[in-house]
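Asker: My questions will all concern the structure given below.
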Amino acid sequence: MSEIKAVFVGPDPEGLGDALKSEGFDVTRIDGIANGSALEEAGIDAAELYVLTDVGQATSIPVAVDRAGELHVVVYTRESLPEFAKGQADLLLDPALFDPETVAEELTGTTR
């Protein structure tokens, strides 16, 4: 089975990116602003999963969805996602309630 392509935006103090890699995801991280060119360079058009941990970059969600077409969007943060982006996010998860290993394991079943 081929790896699932994931694009990861934002800091990762909980280690969700590593947990995703442990579950077989091909994770590409975007350091800095996740604008259209950064998303393209990260391979968003081939991605099945978009993980956002920085709600300050919520405007990247509609851009990612537009470029990727079918895309699972997961927001993993303790902060609230702005209303305009909530409709395009599939999961809003608080790291205080969901550990990264469990999230990664569940996402494996969701995206395959």
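Asker: Of (1) closer than 15 Å to ALA104 by Cα; (2) in contact with a Lys or Arg (Cβ under 6 Å, 6 or more places away or on another chain), GLU23 satisfies all except one. Which?
Answerer: Failed condition: (2).
Asker: Return the only residue of GLY17, GLY10, GLY36, GLY43 being crowded, with 20+ Cβ neighbours inside 10 Å, out of contact with any Phe, Trp or Tyr (no Cβ under 7 Å at 6 or more places or on another chain) and modelled with pLDDT of 95 or more.
Answerer: Of GLY17, GLY10, GLY36, GLY43, the one residue that is crowded, with 20+ Cβ neighbours inside 10 Å, out of contact with any Phe, Trp or Tyr (no Cβ under 7 Å at 6 or more places or on another chain) and modelled with pLDDT of 95 or more is GLY10.
Asker: Quick check on my filter: what residues within region 43-64 are farther than 22 Å from LEU92 by Cβ and among the small types (Gly, Ala, Ser)?
Answerer: Listed by number, the residues that qualify are GLY43, ALA46.
Asker: Any idea which residue in region 76-112 is surrounded by the fewest Cβ atoms within 10 Å (Cβ to Cβ), counting only those that are touching a residue at least 24 places away in the same chain (Cβ under 8 Å) and β-branched (Val, Ile, Thr)? Quick ask: steps written out before the conclusion?
Answerer: At the first step, the residues of region 76-112 found to be touching a residue at least 24 places away in the same chain (Cβ under 8 Å) are 76-77, 79-82, 84-85, 88-89, 95, 99-101, 103-105, 107-108, 110-112.
Still in the running and β-branched (Val, Ile, Thr): 77, 103, 108, 110-111.
Numbers: THR77: 18, VAL103: 21, THR108: 16, THR110: 13, THR111: 17.
Checking each candidate, the answer is THR110.
Asker: Tally up the residues in region 54-65 that are over 21 Å from ASP26 (Cα atoms) and either in a loop (DSSP other than H, G, I, E, B) or without any contact (Cβ under 8 Å) to a residue 24 or more places away in the chain (or both), please.
Answerer: Total satisfying the criteria: 3.
Asker: Consider ASP66 carefully, then state whether it is within 19 Å of ASN35 (Cα to Cα) and charged (D, E, K, R).
Answerer: For ASP66, the condition - within 19 Å of ASN35 (Cα to Cα) and charged (D, E, K, R) - is met.
The values are calculated or read from the model by the stated rules, or taken from the named source; none is laboratory data. Since the structure is predicted, the reported quantities are computational estimates derived from the model, not experimental observations. Here Cβ is always computed from backbone atoms with ideal geometry, including for glycine, and neighbour counts include all displayed protein chains.
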